[in-house]
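Please read the structure below before turning to the comments.
The values are calculated or read from the model by the stated rules, or taken from the named source; none is laboratory data. What you see is a predicted model, and the numbers here were worked out from it, not measured in a lab. Virtual Cβ from ideal backbone geometry, glycine too; neighbours counted across all protein chains shown. Only protein heavy atoms, including side chains, enter the accessible area calculation; ligands, DNA and RNA are left aside. Shrake-Rupley method; radii C 1.70, N 1.55, O 1.52, S 1.80 Å.
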Amino acid sequence: MTFRAPVSEYEFLLNHVVGYDSIPATDRFAEATPDTVSAILTEAGKLCDEVMAPLQRNGDLHPAHLENGVLRTSPGFADGYQAIREGGWVGISAAEEHGGMGLPQTVAVAVYEMMAGACLSLQLAPLLSQGQIEALEHHAADAIKELYLPKLISGEWSGTMNLTEPQAGSDVGALTSKAEPNGDGTYAISGQKIFISWGDNDFCGNVCHLVLARLPDGVPGTKGISLFLVPKYLPDADGNPGKANDLKVVSLEHKMGLHGSPTCVMQFDGATGWLVGPEHGGMAAMFTMMNNARVGVGGQGVGAGEGAYQHALAYALERKQGKTASGFIADHADVRRMLMEMKADLFAARAILMACARAIDMQTATGDSSWAARAAFLTPIAKAFGTDTGMRVSETGVQVYGGMGFIEESGAAQYYRDVRVTAIYEGTNGIQSMDLVARKMMDGGEMAFALIDEIEEQAERARATHPNMAEAVWQACESLREATEWLVAQQDMQDRFAGSVPYLRAFARVLGGHYHLSAAMADRGGAREKLARFYITRMLPEHAALLAHAQAGAEGTFALCLDELAG
Ligand SMILES: Cc1cc2nc3c(=O)[nH]c(=O)nc-3n(C[C@H](O)[C@H](O)[C@H](O)COP(=O)(O)OP(=O)(O)OC[C@H]3O[C@@H](n4cnc5c(N)ncnc54)[C@H](O)[C@@H]3O)c2cc1C
């Protein structure tokens, strides 16, 4: 089964749904015209289809492994990475002064989503480098930028993020890794980090770790954490990889999926590191990388879902069972329902992802705080709904296959197993939802209400051509407004948190209705209008049940005591 990168889907979304034209209208991104972007997406599509997709099964069947302490990646991954490098895809959105292409995040996110559909485990390596590049661009000292950025941007060296420790997962503030000043401007980093994606590889000249650790005078909790750049090899006087640093990969995790991506236990034993950002200001610096990665991981979910959808559709168009118009199972009503739900949800999740990336670009280009607030609000939705969609679509993909979906050789199960972690890493989807209803509503819900107003205005405009769909979206939006008013009125945060996951999902459902309605208006009589009708009639109504749950408060959630839970 071949993978086909969804280039035309992106062209339609950017040009007709998410308002991409505002980006090249800025001075900063004036060169990223729709034609240029189309050419870039087409080129990236070739990389995905011809180079990365053939590696997808290799990663699953031949996981990365340690050989006498040396990390060996899956067959073909080194060549695949080389092709990514040579195409300049690692530094696609990095600043031009250090060798990047300087393109908008919107383009980078689209390219990386397509790469995720082709081979998720390999895509994660340059995705992490990209996040590190952005963190260094914003927070590193000039000397570090000059030395590291060109090599990271060219892909000669790779980047990782090291937050997690056995006792410090979601609760990053509980970390115990230490940093001691060496007296020469460097620091000695000690501690163990677990679950470090691409903690090592055999195809880059150096692996650069961004590590969170605590200085001797760092207070407990997140406020006492600092960020350090700790390379595998210490650069020599010419900036080339020199002496090995005091760090190693202790072991690799045996995982449910994503086998091509080595997930490492890292040991730092007084390794030399350089401070990035101010002392004790590590979380703010790391958040630059984390926010970048959150949007990127949302794209991983959508990409893996796209791969699963294409796979399932191909099977449904060749499998014969029972009597149907075409002879194939794709014409059974229930199989059709599954395929339509997959396609409609992918469209919604992809549009939300693009709207979020566009807000990030507009913030970068204009410095306007309202774009920053929009990007911040949409980020947890893009991450959680994108990855939930990836899980749901790939799970439905297994169902489309019937028994063959449960058999590994069909490949359907791999999408399901691979994408599962995207709802867990980069902040679990529960943590994303809590972020949405707490930090992202510290403005009293101002950004949420601004988006709701926009959706209703668009629904009003759509009444002339699509009265029924417009009314459904408008009504859903009113319900979302009421739920948001209820939410911001809750003083006890447990009442917000208990319903945060259904609230985030309901918000995404309504945003999905909004973007589908835009698609219907742009493609009258076309397939996208029909898909929009399916989504708005059959999937958007889910918002009502979700919002009822979101407004039920915490009391019922805690109704059973712990003994009763076990009883
Ligand atoms: C394959 C893989 C790759 C990874 N790659 C990296 C990497 O490259 N770098 C890195 O640093 N880390 C990485 N991680 C770690 C990942 O980010 C963490 O697993 C994740 O943040 C969750 O932490 P945890 O596993 O300790 O779960 P826990 O924090 O123990 O969470 C368990 C459950 O409790 C919930 N929970 C926890 N705290 C709260 C709270 N305050 N309120 C409500 N619910 C809560 C969670 O949502 C979850 O459902 C990776 C993990 C995996 C599995």
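If the Cβ limit is 6 Å and pairs must be 6+ apart or interchain, which residue in region 190-201 that is closer than 14 Å to residue 179 by Cβ pairs with which residue that is near the ligand (Cβ under 7 Å from one of its atoms) and not hydroxyl-bearing (Ser, Thr, Tyr)?
Sorted first by the residue in region 190-201, then by its partner, the pairs are 193/162.
Sort out which residues of region 422-453 are more than 15 Å from the ligand (Cβ to nearest atom), free of Cβ contacts under 8 Å to residues at least 60 places away in the same chain and acidic (Asp, Glu), and write them in order of number.
453
Table: residues versus (1) under 28 Å from residue 394 (Cβ atoms); (2) without any contact (Cβ under 8 Å) to a residue 60 or more places away in the chain; (3) assigned to a loop (DSSP other than H, G, I, E, B); (4) acidic (Asp, Glu).
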{"residue": "74", "(1), (2), (3), (4)": "yes, no, yes, no"}
{"residue": "81", "(1), (2), (3), (4)": "yes, no, no, no"}
{"residue": "84", "(1), (2), (3), (4)": "yes, no, no, no"}
{"residue": "93", "(1), (2), (3), (4)": "yes, yes, yes, no"}
{"residue": "106", "(1), (2), (3), (4)": "yes, no, no, no"}
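Kindly provide the set of residues from region 150-165 that are assigned to a loop (DSSP other than H, G, I, E, B) and touching a strand residue (DSSP E or B) at 6+ places or on another chain (Cβ under 6 Å), ordered by number.
Result: 163, 164.
Report, by residue number, each residue of region 126-149 that is more than 16 Å from the ligand (Cβ to nearest atom), in a helix (DSSP H, G or I) and open to solvent by 10 Å² or more (accessible area, probe 1.4 Å).
Result: 137, 138, 139, 142, 143, 144, 145, 146, 147.
Checking residue 20 against (1) surrounded by fewer than 22 Cβ atoms within 10 Å (Cβ to Cβ); (2) within 23 Å of the chain's Cα centre (by Cα): exactly one of these is not met. Which one?
(1)
Kindly provide the set of residues from region 150-178 that are of a type outside the set (A, V, I, L, M, F, W, C) and within 7 Å of the ligand (Cβ to nearest atom), ordered by number.
Answer for region 150-178, where residues must be of a type outside the set (A, V, I, L, M, F, W, C) and within 7 Å of the ligand (Cβ to nearest atom): 160, 162, 164, 169, 170, 171.
Looking at region 36-57, which of its residues are aliphatic (A, V, I, L, M) and under 14 Å from residue 87 (Cα atoms)?
Applying the first criterion (aliphatic (A, V, I, L, M)) to region 36-57 yields 37, 39-41, 44, 47, 51-53, 55.
Correct list: 39, 40, 41, 44, 47, 51, 52.
Looking at this structure, is residue 198 within 16 Å of the ligand (Cβ to nearest atom), closer than 27 Å to residue 73 by Cβ, open to solvent by less than 20 Å² (accessible area, probe 1.4 Å) and of a type in the set (Phe, Trp, Tyr)?
The answer is yes for residue 198.
Looking at region 357-476, what helices (runs of 4 or more DSSP H) fall wholly within it and have at least 3 residues that are open to solvent by 10 Å² or more (accessible area, probe 1.4 Å) and closer than 30 Å to residue 333 by Cβ?
Passing ranges, in order: 369-401, 412-419.
Would you confirm whether any residue within region 167-178 is within 15 Å of residue 232 (Cα to Cα) and surrounded by 18 or more Cβ atoms within 10 Å (Cβ to Cβ)?
no
I'm trying to understand the selection: among the residues of region 477-510, which are assigned to a helix (DSSP H, G or I) and of a type in the set (Gly, Ala, Ser)?
Within region 477-510, 479, 483, 489, 498, 500, 506, 508 meet the criteria.
Results for (1) part of a helix (DSSP H, G or I); (2) open to solvent by 70 Å² or more (accessible area, probe 1.4 Å); (3) within 21 Å of residue 121 (Cα to Cα), shown as yes or no for each residue.
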| site | (1), (2), (3) |
| --- | --- |
| 14 | yes, no, no |
| 24 | no, no, no |
| 42 | yes, no, no |
| 46 | yes, yes, yes |
| 53 | yes, no, yes |
| 59 | yes, no, yes |
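Looking at region 242-254, can you tell me whether even one residue there is out of contact with any Cys (no Cβ under 9 Å at 6 or more places or on another chain), buried (at least 24 other Cβ atoms within 10 Å of the Cβ) and under 30 Å from residue 7 (Cβ atoms)?
Checking region 242-254: not a single residue is out of contact with any Cys (no Cβ under 9 Å at 6 or more places or on another chain), buried (at least 24 other Cβ atoms within 10 Å of the Cβ) and under 30 Å from residue 7 (Cβ atoms).
Say we look at region 271-292 and pick out the residues that are open to solvent by less than 10 Å² (accessible area, probe 1.4 Å) and not β-branched (Val, Ile, Thr); which of these is farthest from residue 359 (Cα to Cα)? Full working, then the answer.
At the first step, the residues of region 271-292 found to be open to solvent by less than 10 Å² (accessible area, probe 1.4 Å) are 271, 273, 276, 282, 285-286, 289.
Applying the additional criterion that residues be not β-branched (Val, Ile, Thr) yields 271, 273, 282, 285-286, 289.
On the way: 271: 38, 273: 34, 282: 25, 285: 20, 286: 20, 289: 17 Å.
Here the answer is 271.
Of the conditions (1) touching an Asp or Glu at 6+ places or on another chain (Cβ under 9 Å); (2) of a type in the set (Gly, Ala, Ser); (3) at negative phi, residue 191 fails just one. Which one is it?
(3)
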